[in-house]
Structures are given as structure tokens and as C-alpha cells.
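Asker: Can you read through this structure? Questions will come right after.
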Amino acid sequence: MKIFSSDIAEITNAKLIGPPDLQVTEVVTDSRQLSYTEGLVFFALVGKNHDGHLFIDNLYRKGIRIFVVEKLPDEPQRYNDAAFIITKNTIEALQQFATYKRKSFKSPVIAVTGSTGKTVVKEWLADVLGLTTSVIRSPKSYNSQIGVPLSVLKLDEKYKLAIFEAGISMPGEMERLRRIIDPEIGVITNIGDAHRENFIDNKTKASEKLKLFADASLLIYCSDQELIKSLILNDDNLRSKKLIDWSCENTKARIFVKKTSMPGGRTSLQMVFNGITNEFIIPFSDRGAVENAITVAAVCLALGTTEDIIARGLSVLVSVAIGMEMKSVR
């Protein structure tokens, strides 16, 4: 599906000044990340310490001809072959464009959220499921109000599954991310005290995160996390979904897990699902990594991935950079 400058203006309810027929191939928001310029549209994002409008002249000289802006540059006649799409808020326009792009993607979308482990679970899940299908994942820890739309805008029909992570730093943010990602499958890792400063308590933060799954059909979570379990089961909408919980304590959970330490820092997992015991070995022993691996395996089982494929993927998991997780929005 071809997108032109006039389409961007219509999608974002913006005013177009300049040629309407410039084709868009990719979105950029960082003037430093350019390997080519043909077909690029630059969203001039404005933040507390950043104003993308300051880079328009430099980017124009490099070859970019489509700009989404909140104001025209000085002497706009100097850019007579460029298209300027003028909107009240360029971040909201970026989100609107991503929401539009998501609606055209017909394959399943998985969303991962939680206080910690989002990036690790997303990366590992993509690695395991990628053994049997083409997967697109959000890059690095792109889970914010800007990172999520940039990730979603990478969607392409050649992929048969998408996995995105979503993080928030204050109330009200998750609803916007839900509209952009619109996941069919939801995964929540855990709820802890990390980055809680803008929330009254963990219950408030967890409730906000669970808004991501308002329209999902399948939800996977750890029922040993009492707060998450309680919020899901006491919410009329959430408990009406297909719920797959895993537990190391409750044998009545949909997936009951038995962990056994092994030599060499490895861990054996016996996961009973639908009356069948699946056995996996992971190359980690620390609690966080083991829980993340169990979550990944639980999602794969819920999606019908065969035991041999899950076992192969879990056996070769590699550590995800701690810095990547720390830089993410919680």
C-alpha cells in the first residue's frame, strides 16, 4: 500500500503545504539516523530538551522533502519542492499515523508489559517463535509514547507475527499505546516498585498497565503474582478473555511449573499444560531470568508451539543487555 504526503495530512487531520504526491517509504524522528533520504518523512518532535524543527534546514539539504511540523520554518519559500504537514502536536500525529498503519496489519500482534522483564521476554519470545514463522519485534526497548509508534510503523505484510513491548511512566499513557498496538495477545511479566514515582501505589500502576489488554482475546500471566491475579479476576472485561496463567505454587493453574537446578548454572523446567508434561532446559539459574523464560515458554504453549521447537529455542537463549532493560520506560 503506497502512502503519499497528502495521505499523511489526511490521516493526521493536518494541513498540507506543498506537493501532495511525494511518496512516503519510512518515518524518521532523529536527524542523526539517516542512511538514505528518498521517501523519508521527518516528524519534528518537540520535547523538554529537544526541538526537531531546528534540524529541518539541514535535513532538507540532505534530501528529505516531507516534514511533519507544528510550525513552518523561517522563509518557507526556500523549500518550494518540500511538503510541510502542519499539525498541532507532532507526537500525536506520529501516534495517529502508527494507529492507521496497525489497522492494515492482519497477522496476530502480541504486546508485553510489566515492571521488569519486558524487553527480555519480547526478545526471547521473538527468538523462539521466529524459529517457525516470520516475526517483527520492537527494536531495543522502544516501548514509550514515541518508541511504540516508531515500532508499529515498521509493520509489513511479509511478517506473520508482531511482538511489541509497552511501558508507561505516568497515568493516562497506556490508553494511547493500546490504540496504537491493539494487541490480540497480552503478556504481563510482573509488577514491582521500579519507576513507581508517578503512581499512588503498585495497584494503580498495575491497573494502568492492564489497560493495554482491554481488547485482547488472550492473556498470559503468572498467577503467583497475587496483585496481577486479583486485578484480572476481579475485572469483568479481563476475566472474560481466554486466560492462561502459570504458577510454580498452584497445581490448578493452567500451566503448572516445577523448577529444578542443574549443574553449570542451568535450570530444568517441567511445565504441565492440558495434562501434558513438557520438559525444557534453560541456560540460566537466577530467578529473574528463569521467570522470564517460563513466561516465554507459557506464551509459546498457549499459541500451540510444539515442545521440540520451544525446547530448541529455550536451550540457546542468551542474556539481553541489562542497559537495554534499564533504559526502557516502566
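Asker: Among Ala98, Val148, Val109, which residue has its Cα furthest toward the positive end of the charge dipole of segment 60-151, with +1 on Lys/Arg Cβ and -1 on Asp/Glu Cβ?
Answerer: Final value for the positive-end residue is Val109.
Asker: Treating the beta-carbon of each Lys and Arg as +1 and of each Asp and Glu as -1, no other charges, what is the dipole magnitude of the chain about its Cα centre, to the nearest 20 debye? Mind dumping the intermediate values first?
Answerer: Values: 42 positive and 39 negative charges, 52 e Å.
Around 260 debye, computed over the chain.
Asker: Something else now. Quick one: ranking Tyr79, Tyr36 by accessible area, 1.4 Å probe, largest first, what do you get? Write down the numbers at each step before the final one.
Answerer: On the way: Tyr79 10, Tyr36 100 Å².
The ranking, largest first, comes out as Tyr36, Tyr79.
Asker: On to the next question. What FRET efficiency comes out for the pair Asn80/Glu157, r = Cβ-Cβ distance, R0 = 51 Å, nearest 0.05?
Answerer: Working: r = 36 Å, r/R0 = 0.70.
My answer for the efficiency is 0.90.
Asker: Taking a 1.4 Å probe, which of Val27, Val121 shows the most accessible area, and what order do the others take after it?
Answerer: Details: Val27 20, Val121 0 Å².
Largest accessible area first, the residues go Val27, Val121.
Asker: Right, next: Beyond 24 Å, what percent of the Cα pairs of segment 123-221 remain? Can you show the working numbers first?
Answerer: On the way: 1002 of 4851 pairs.
The answer is 21 percent, as a whole percent.
Asker: Calculate the spin-label point distance for Ser230 paired with Asn250, positioning each point 7 Å from the Cα along the beta-carbon direction, and give it in nanometres.
Answerer: 1.3
Asker: Report the antiparallel proportion of the DSSP beta bridges in the chain as a percent, rounded to a multiple of 5. Intermediate values should be presented prior to the final figure.
Answerer: Values: 22 of 53 bridges.
Percent antiparallel among DSSP bridges in the chain is about 40.
Asker: Still on this model: Going by average Cβ neighbours within 10 Å, how do the peptides 263-269, 65-71 rank, with the highest at the top? Working shown, then result.
Answerer: On the way: 263-269: 13.1, 65-71: 21.3.
My ranking of the peptides, most packed first, is 65-71, 263-269.
Asker: Given a Förster distance of 45 Å, report the FRET efficiency between Thr306 and Gln33 from their Cβ-Cβ distance, rounded to the nearest 0.05. Could the numbers behind the result be given before it?
Answerer: On the way: r = 39 Å, r/R0 = 0.86.
Efficiency, rounded to the nearest 0.05: 0.70.
Asker: Given a Förster radius of 25 Å and the C-beta distance between Arg287 and Thr260 as r, what FRET efficiency does 1/(1 + (r/R0)^6) yield to the nearest 0.05? Walk me through the intermediate numbers first.
Answerer: Details: r = 14 Å, r/R0 = 0.57.
My answer for the efficiency is 0.95.
Asker: Could you state the angle between the C-alpha long axis of helix 287-302 and the longest principal axis of the C-alpha atoms of the chain, as a value from 0 to 90 degrees rounded to the nearest 10?
Answerer: Long axis of 287-302 versus the principal axis of the chain: about 80 degrees.
Asker: To the nearest 10 square angstrom, what accessible area does Met262 show with a 1.4 Å probe?
Answerer: 50
Asker: Which aspartates and glutamates, on any chain, are close to Lys15 with Cα under 13 Å apart, when same-chain ones fewer than 8 places away are left out?
Answerer: Lys15 reaches Asp7, Glu70.
Asker: Report, in whole Å, the centroid distance computed from the Cα atoms of segment 88-137 and segment 244-286.
Answerer: 27
Asker: Between Asp193 and Glu26, what length comes free when the chain is fully extended (0.36 nm per residue of separation minus the Cα-Cα distance, one decimal in nm)? Please list the in-between numbers first.
Answerer: Working: separation 167, 0.36 × 167 = 60.12 nm, distance 3.72 nm.
Roughly 56.4 nm would be gained on extension.
Asker: Met170 to Leu54: extension gain in nm, 0.36 nm per residue of separation minus the Cα-Cα distance? Write down the numbers at each step before the final one.
Answerer: Values: separation 116, 0.36 × 116 = 41.76 nm, distance 2.83 nm.
Here the segment from Met170 to Leu54 would lengthen by 38.9 nm.
The values are calculated or read from the model by the stated rules, or taken from the named source; none is laboratory data. Because the structure is predicted, anything quoted here is derived from the model rather than measured. Neighbour counts are summed over all protein chains in view; Cβ atoms, including those assigned to glycine, are modelled from backbone coordinates with ideal geometry. With ligands, DNA and RNA removed, areas are computed over all heavy atoms of the protein, side chains included. Shrake-Rupley method; radii C 1.70, N 1.55, O 1.52, S 1.80 Å.
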